[in-house]
1. Restricting to segment 254-280, give me the number of residues that are surrounded by fewer than 16 Cβ atoms within 10 Å (Cβ to Cβ), more than 12 Å from the chain's Cα centre (by Cα) and not in a helix (DSSP H, G or I).
2. Filter segment 283-295 down to residues that are touching a helix residue (DSSP H, G or I) at 6+ places or on another chain (Cβ under 8 Å) and surrounded by 16 or more Cβ atoms within 10 Å (Cβ to Cβ), then give me how many there are.
3. Can you name the residue in segment 225-253 that is surrounded by 15 or more Cβ atoms within 10 Å (Cβ to Cβ) and in a loop (DSSP other than H, G, I, E, B) and, of all such residues, is farthest from the chain's Cα centre (by Cα)?
4. Which members of segment 208-223 meet the condition of being more than 16 Å from the ligand (Cβ to nearest atom) and in a loop (DSSP other than H, G, I, E, B)?
5. How many of the residues making up segment 196-213 are closer than 15 Å to TYR290 by Cα and surrounded by 15 or more Cβ atoms within 10 Å (Cβ to Cβ)?
6. May I ask you to verify whether LYS156 is in contact (Cβ under 8 Å) with a residue 60 or more places away in the chain, farther than 22 Å from LEU96 by Cβ and either among the hydrophobic types (A, V, I, L, M, F, W, C) or not in a strand (DSSP E or B) (or both)?
7. On the given criteria, is PHE205 in contact (Cβ under 8 Å) with a residue 40 or more places away in the chain, within 12 Å of the ligand (Cβ to nearest atom) and not in a loop (DSSP other than H, G, I, E, B)?
8. Determine whether GLU177 is of a type in the set (Asp, Glu) and within 13 Å of the ligand (Cβ to nearest atom).
Amino acid sequence: MIKKIQFIVIAVLAILLFFVIVDNNKLSSEGSAASDQKSVQVADEVTDSGEETKAKADEETEPKDNEKQDELEEELAVNATESESDHKEDSKVVYLTFDDGPSTVTNELLDTLAKYDAKATFFMLEPNMRTHPNEVKRTVKEGHSVGSHGVSHALKKFYHDEQSALEEMKTTQAAIEEMTGVHSKLVRTPYGSIPYFTDSFRKVFKENDLKLWDWNVDSSDWNLSEEDYVANVISQVEKLDKGGVTPIILMHDRGETASHLDVLLQYLQEKGFETIPISNDMEEYSFNCYDRCKRVAS
Ligand SMILES: [Zn+2]
């Protein structure tokens, strides 16, 4: 009797086991098929929706893409012009210029420039060079450019005629050469070349192998108080940068400018600008007379 029960139990268990195995196989094969099908479907959906999204995206971004392409082309054109004029590809250049020195603050300017490994161009007045010869020498020694800003810095004297202007620049040029051994062709006329540096002045300077440098960023550091000139420079630099124009920044060798130069140099460094000195072999940059130039009233 017990044996009979044992047999039945084993038989039932065996049958159950059989069904479980068969069922499992069936399930797993169905399952895999189903899941395969499902994954195919999902893949289709993904592809479809992907294509759809792409198509939709194309539709939506087509004008933008064109715009982007235009922008890219413009950028490439700008870069090409930049690399031609600046001798360096893929880098943004800025020219820092300081007028009217040297002075008692020149060393502070040089210290700050050195901190950022920034190079600048100093347009100097001959009498100030005589007062601060060591600053002149240090400026050149540290890799900056030096140019002539004249002797008198007086409108009526400097712009009196072509010869007076030329004489002042030649005197300063000779002082630079005497003190540093550098022959600099670079000049910046007092207050800039507009309006008194007429075409005939320009012709005489060209004949004497002088290169005239005005600016395209006026810091107004002489009439803005303390650090306000920095914000003024930054907003102009940003505009020029957007247009792909290399900024030439006019500043002065003076205390307040030196005190806040750090902030400006930090900004330029963060934005990836390279500050390089102006050199004799560069194409000069000067304001155009158009019909604005006239002789100074004597
Ligand atoms: Zn000046």
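The values are calculated or read from the model by the stated rules, or taken from the named source; none is laboratory data. In this text, all values refer to a predicted model and were calculated from it rather than measured experimentally. Neighbour counts are summed over all protein chains in view; Cβ atoms, including those assigned to glycine, are modelled from backbone coordinates with ideal geometry.
1. Going through segment 254-280 one residue at a time, the tally reaches 2.
2. Looking only at segment 283-295, we keep the residues that are touching a helix residue (DSSP H, G or I) at 6+ places or on another chain (Cβ under 8 Å), and these are 283, 286, 289, 293.
Adding the requirement that they be surrounded by 16 or more Cβ atoms within 10 Å (Cβ to Cβ) leaves 286, 289, 293.
So the answer is 3.
3. ASP253
4. Of segment 208-223, the ones more than 16 Å from the ligand (Cβ to nearest atom) are 208-211, 216.
Selection gives ASN208, ASP209, LEU210, ASN216.
5. Of the residues in that region, 5 qualify.
6. Working: in contact (Cβ under 8 Å) with a residue 60 or more places away in the chain: yes; farther than 22 Å from LEU96 by Cβ: yes; either among the hydrophobic types (A, V, I, L, M, F, W, C) or not in a strand (DSSP E or B) (or both): yes.
Yes.
7. On the way: in contact (Cβ under 8 Å) with a residue 40 or more places away in the chain: yes; within 12 Å of the ligand (Cβ to nearest atom): no; not in a loop (DSSP other than H, G, I, E, B): yes.
No; evaluated as a whole, the condition is false for this residue.
8. When the stated conditions are applied, GLU177 does not pass them.
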